[in-house]
């Protein structure tokens, strides 16, 4: 059996969307009783569906953040909106912000709070996820101040990670599409990207759960993909080879790497997974969230090919990215077929 896991997002249940829409649009906060109830109900349904698919490991579904990283900047102090988000326009409708002062997140990014809420209603949930500091920077294109404030963004991510660990998360995943794209285009050095990725994990070794007698060893995971806005990638440069130096630089600082493997160029590079340090497990994202679900036989063939490169004890499989933008029935079929192929 090959272990199966999920990335993060799941299609928000239709029945809860009307109650959640004012929250998603920033009109109310999660402290509103009706929103809090809808968030819990939506997460319960999302997790039940993932469990019913048979996944070995689920997430909370990120029903509080259906627009991925774009939900974070409105929660930050020290930033100002220049262009508001227009979801209907897909990539062309991405919001733009600028940094106006010291950046902080007095209410958090919402990810740790979401995990705490979801873990309370589903003890089986042990994996939490949040965007990387550099990926949060997607909302600040062209802002020369971003790099000067990167330590503040890293501190925000680190605080979320500590809160997730204290709430009982035993695996925490940093989502890093910006790092993957930067590697593909060589716009940032490997050393700089590795520092920004690994530093938020540094302070969790001594974190305990809410039960003082129960230490929480945390599996440190990074998810690399090429973005997914309106089910389209952020770049046409699609390979795995550009990520290998970064993974090697992260040796000893991360435990798992979730790698999108669904594009032809990425799949052609699968042999390079043999160059990933042995201390890092590979989560292969072989179920393509940007295409209709494939058959059990198709996924089985992909897994068999991967086993020629990655030992069974170091291999997990998942979707290529979060399923939050996949049509609901397709997400369920995709993950059910993936689970059947892994077994």
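Read-outs throughout are calculated quantities, based only on the coordinates presented, and are distinct from any laboratory measurement. Note that the structure is a prediction, hence the values are computed from the model and not measured. Backbone-built Cβ (ideal geometry, glycine too); neighbour counts: all protein chains shown.
Some values worked out for this structure:
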read-out: Virtual spin-label span in nm between residue 145 and residue 21, 7 Å along Cα→Cβ; value: 3.5
read-out: Which labelled figure in [x] 33, 23, 20; [y] 27, 24, 21; [z] 67, 32, 16 is semi-axes √(5λ) of the Cα gyration tensor in Å, once derived from the coordinates; value: [y]
read-out: Potential extension, residue 314-residue 237 segment - 0.36 nm per residue separation minus Cα distance; value: 25.0 nm
read-out: Inter-label distance, nm, simple model (7 Å from Cα along the C-beta direction), residue 329/residue 166; value: 4.5
read-out: Listed peptides 272-280, 112-120, 189-197, 307-315 by packing density, highest first (mean Cβ within 10 Å); value: 112-120, 189-197, 272-280, 307-315
read-out: Residues residue 219 and residue 278, FRET efficiency given R0 of 25 Å [Cβ-Cβ distance, rounded to 0.05]; value: 0.95
read-out: Segment residue 40-residue 152, length gained on full extension (0.36 nm per residue, minus Cα span); value: 37.3 nm
read-out: DSSP-defined antiparallel bridges as percent of all bridges, the chain, nearest 5; value: 20
read-out: Semi-axis lengths, Å, region 1-80, gyration tensor of Cα atoms, sqrt of 5 times eigenvalues; value: 26, 16, 9
read-out: Whole-Å distance, taken between Cα centres, linking region 8-29 and region 233-263; value: 31
read-out: Segment residue 268-residue 3, length gained on full extension (0.36 nm per residue, minus Cα span); value: 93.1 nm
read-out: Packing-based ranking, highest mean first, of 282-292, 148-158 given that Cβ atoms within 10 Å are counted; value: 282-292, 148-158
